[in-house]
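Working notes for the structure below.
Nothing in this text is a laboratory measurement; each read-out follows from the coordinates by a stated rule. Owing to the predicted nature of the structure, the values given are computational and were not obtained by experimental measurement. All Cβ positions, glycine included, derive from the backbone under ideal geometry; neighbour counts span all protein chains shown.
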Amino acid sequence: MINIKSDFPIFRGQKDLVYLDSTATTLKSQSVINAVSDYYSNYSANVFRGVYKISEKATEEYEKAREKVANFIGAKVEEIIFLRNTTEALNLIYYSWAQNYIKKGDVVLTSIMEHHSNFVPWQQLCKQKGAEFKIFDIDENGKLILHKSLLTNVKLLALTHVSNVLGTINPVKEIIKQVRLANPNCVVVVDGAQAVPHMKINVVDLDCDFYCFSGHKMLGPTGIGVLWGKKILLDGMTPFNYGGEMISRVTVEKTDFKQIPYKFEAGTPHIAGAIALGTAIDYLSKIGMDKVRKHEIEITDYALKELSKVDKLKIYGPTLAVERGGVIAFTIEGIHPHDIAQILDSENICIRSGNQCAMPLHQKLGIAASARASFYIYTTKNDIDKLVLGLKKVIWTFTEK
């Protein structure tokens, strides 16, 4: 078991904090915080634009971060685009690729377990283009029902790698193989927001076409995210934003754009965020993603067992920890998830409540909302024990006569 809470300053000031909302955003290690502070304190200049030393330093560190991201997911450096988050990365694909290539009668396929950011754009795209919107359903254990008939004529497949509600780890590599057999020209988009922080990912091995994730879910700052795409696709896409630093030449008559990745990074980027994301990757790499995943399985297995002992509590998703990420969505009969979260907050226990940005999934499950506890490298069994005690207080509060 990993026990590294001392690396996270938030626990120094709040020693009794039980943070179980890492699926929403992770806490930040001191090294990441230091990286942000170091940039703003010592070389807070813009990238690319200056020939003076601190600007060159900023540019060097920014590009080092891009290299770290590329190595972390097995990609080429020029295929790494820095954006705000997973949502913006998916929207870049929507505007710059899908709007130009999806036509009337095409099939777009996604799943019922998607986060809104990987569901709504494709739903709207199909309405605009007259394309057919198809959806993978799930079984009673929260696993995809992979009907091969759905793969026929699919032009775009958009799928989450790990569900932010069910925790289901989708067999993305196998699904991509199947869709390639049915339609070799299908473009595959993977939402990796809940995968990259928790397990070793190699985008080339997966054979997807686009892969998106957020820095803040892997110890990095908010406001920095990544789009990886195959060069052949990125080269053929129109820019997402227009402005400074994404052009090579402008005249009154025409504008020529820079090569990838820069043609998708208009304006001043989140320099500190990218650099600190690189530091977060250094931190995770030092631990080792195999150890990160092993710790997550141990914590999730313990949590599944302990939560199953709580009266009237229902867990959603796969029953085995090895089949899911470090997230458990649940309900307690007769108690609203918001009430669960508020009472737990009085015990300094942080969980998420609501529809988790996955309303179609909650409708499928027959519930309006869920409570969600999610874990990361700083989560301990003691945190789970406190959660269980807190939930018993919740039940006692609502059953007291």
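Simple rule: put +1 on each Lys or Arg Cβ and -1 on each Asp or Glu Cβ in the chain, find the dipole, and look at His338, Val188, Val32; the Cα lying farthest toward the positive end is Val188. What the phi angles of segment 385-396 give under the Karplus curve with 6.51, -1.76 and 1.60, with θ = phi - 60°, is a coupling list of 4, 5, 4, 4, 4, x, 5, 5, 5, 4, 5, 4 Hz, glycine and proline written as x.
Charge tally for Asp339 (other residues, Cβ to Cβ under 12 Å; Lys, Arg +1; Asp, Glu -1): 0.
Dipole size in debye (nearest 20) for segment 85-180 around its Cα centre, Lys and Arg Cβ +1, Asp and Glu Cβ -1?
Values: 11 positive and 8 negative charges, 89 e Å.
Here the size comes out at about 420 debye.
Compute the helix-to-body angle for 53-73: its Cα long axis versus the longest principal axis of the chain, expressed 0 to 90° and rounded to tens. The answer is roughly 60 degrees. Comparing His338, His198, His147 in a Gaussian network model of the chain, where Cα atoms under 10 Å apart are tied by springs, the biggest mean-square fluctuation is seen for His147.
Between Gly225, Gly236, Gly288, the residue with the greatest mean-square fluctuation in the GNM of the chain (Cα pairs under 10 Å linked by springs) is Gly236. In this model, which of Lys104/Lys127; Lys15/Lys291; Lys286/Lys386 are farther than 21 Å apart at the alpha-carbon? Beyond 21 Å between Cα atoms: Lys15/Lys291; Lys286/Lys386. Comparing Leu284, Leu166, Leu17 in a Gaussian network model of the chain where C-alpha atoms under 10 Å apart are linked, the largest mean-square fluctuation is found at Leu17. Taking the C-alpha atoms only, the angle from helix 289-307 to the longest principal axis of the chain is near 30 degrees.
For segment 286-401, what percent of Cα pairs sit more than 21 Å apart?
Values: 2449 of 6670 pairs.
Cα-Cα pairs in segment 286-401 separated by more than 21 Å: 37 percent.
Ellipsoid fit via the Cα gyration tensor, segment 1-45: semi-axes of 25, 12, 10 Å, each the root of five times an eigenvalue, largest first.
What angle do you read, to the nearest 10 degrees and between 0 and 90, between the alpha-carbon axis of helix 30-42 and the longest principal axis of the chain? Tilt of helix 30-42: around 40 degrees.
If you take all other residues with their beta carbon under 15 Å from the beta carbon of Ile10, and give Lys and Arg +1 and Asp and Glu -1, the sum is 0. The calculated FRET efficiency for the pair Gln124 and Ser248, based on their C-beta separation and a Förster distance of 41 Å, comes to about 0.80.
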